[in-house]
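Read the structure below first, then the notes.
The values are calculated or read from the model by the stated rules, or taken from the named source; none is laboratory data. What you are looking at is a predicted structure, and each value in this text was computed from that prediction instead of being measured. As a convention, Cβ positions derive from the backbone with ideal geometry for all residues, glycine included, and neighbour counts pool all protein chains shown. The accessibility values were calculated without ligands, DNA or RNA, using every heavy atom of the protein model including side chains. Shrake-Rupley method; radii C 1.70, N 1.55, O 1.52, S 1.80 Å.
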Amino acid sequence: MLVYGKHYHSIWLDETDKLVVKVIDQRKLPFFFEIKDLRSVNDVYTAIKEMVVRGAPLIGAAGAFGIYLATLEDKPAADMHRHLRQSADLLISSRPTAVNLPLVIDSVLERLMKIAEVNALKEAALDAALETCRSEIERCRKIGVHGLEIIKDISRRKNGGTVNILTHCNAGWLACVDIGTVTAPIYLAHEKGIPLHVWVDETRPVNQGARLTAWELGQQGIKYTLVPDNTGGHLMQHGMVDLVLTGSDRTTRKGDTANKIGTYLKALAARDNDIPFYVALPETSFDFNISDGLAEIKIEKRDSGEVTHVAGLEGGEIKSVRICPEDACAENWGFDVTPARLVTGLITDRGICGASEKDIRKLFPDKFR
Ligand code: MRU
């Protein structure tokens, strides 16, 4: 997508030095647009863990590049497969909730384990990382095409009046490689001239909505309004939301879906107010092996400092300030699970389906064994 008029992906290989993977440092946005170099598996591990890169599809792609960087590390050929497995385990341990990370890494590894020669391994690992990026972009494009129909429908019902969409967290191009999942239909609708407005939840504790979604939408010329996380219910009660659209970090074969903490409360409010609640996700965010989201999805717990402190810009620098008593006890669950019964539908790269095993199976018969 465009950043100050120039096209960027959220991750890419340095064309002039193929030993370096480049990412946008998302911790610094929207205050500073900084590009960071990743040169080793440890760099990638730290970048994912500390949320330099974040968002389910992007951490999957970063994981694939992490394996590529692992192939470049100086190891005897006989130890390479073991080194790759250890690197994969390390990368997978960086964040537990988004399924894209283990799914992409395991599939890259499966390809590499068939190759013994080190140069061929390096080449295959790079191909796999680049292919992961290309296919994630293509999936987002398709999500856009399918999701557009929902927005068009609402627009028709409102006789061309502005379609108000509420979103939580950041499921835009920064969270993917390009385009985004939630933002894909929004960008297409905007291109088609459908009047749109997005309510952006600030998304405490680390404010992905305020910092990233607001910045992204602004860069693409989409009208938006930033609201505190607790505002959604009020907006819905007063007819100010036509559609709730969120991303997903892991969706089960029965349609339970984990996303950024607070998503469940939006789904509850949407149900109470008869507002459609859709989840936009690529097939790489499904975990077809599990059924019960509440019992089976591991919810990441992060440092409580993200709750007790807030970062912002002051005097040209990013500063972190404490917002509670010094000895306050705080907890930081990163995600929650929205049960399938609250989800109106899933907008996937293969089409739109109900959040049920029967409907998901119809779109993804090859994934059910
Ligand atoms: O903790 P984050 O910022 O990685 O959480 C991201 C989200 O919850 C996104 O909504 C999700 O990954 C979908 S991204 C297309």
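General observations
- Single residue of region 261-275 satisfying the filter (in contact with a helix residue (DSSP H, G or I) (Cβ under 7 Å, 6 or more places away or on another chain) and open to solvent by 10 Å² or more (accessible area, probe 1.4 Å)) that is farthest from the ligand (Cβ to nearest atom): Asn273
- Residues that are open to solvent by 30 Å² or more (accessible area, probe 1.4 Å), within 22 Å of Gly312 (Cβ to Cβ) and within 14 Å of the ligand (Cβ to nearest atom), drawn from region 8-61: Arg27, Glu50
- Here the strands (runs of 3 or more DSSP E) wholly within region 305-369 that include at least 2 residues being in contact with a helix residue (DSSP H, G or I) (Cβ under 7 Å, 6 or more places away or on another chain) are 335-338, 345-348, 351-353.
- The listed residue being among the β-branched types (Val, Ile, Thr), over 22 Å from Asn164 (Cβ atoms) and either in contact (Cβ under 8 Å) with a residue 24 or more places away in the chain or open to solvent by 10 Å² or more (accessible area, probe 1.4 Å) (or both), out of Val279, Val337: Val337
Residue by residue, here is whether (1) more than 13 Å from the chain's Cα centre (by Cα); (2) modelled with pLDDT of 95 or more; (3) open to solvent by less than 60 Å² (accessible area, probe 1.4 Å) holds:
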| residue | (1), (2), (3) |
| --- | --- |
| Met113 | yes, yes, no |
| Asp127 | yes, yes, no |
| Thr132 | yes, yes, yes |
| Ile150 | yes, yes, yes |
| Gly161 | yes, yes, yes |
| Ile165 | yes, yes, yes |
| Cys176 | no, yes, yes |
| Ala189 | yes, yes, yes |
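- Of all residues making up region 145-204, the number that are of a type in the set (Val, Ile, Thr) and either closer than 21 Å to Pro57 by Cα or within 16 Å of the ligand (Cβ to nearest atom) (or both): 12
- Residue list for region 208-248, restricted to those being within 15 Å of the ligand (Cβ to nearest atom) and open to solvent by 20 Å² or more (accessible area, probe 1.4 Å): Ala210, Arg211, Trp215, Asp229
- Across region 62-89, the number of residues qualifying as within 11 Å of Ile105 (Cβ to Cβ) and surrounded by fewer than 19 Cβ atoms within 10 Å (Cβ to Cβ) comes to 2.
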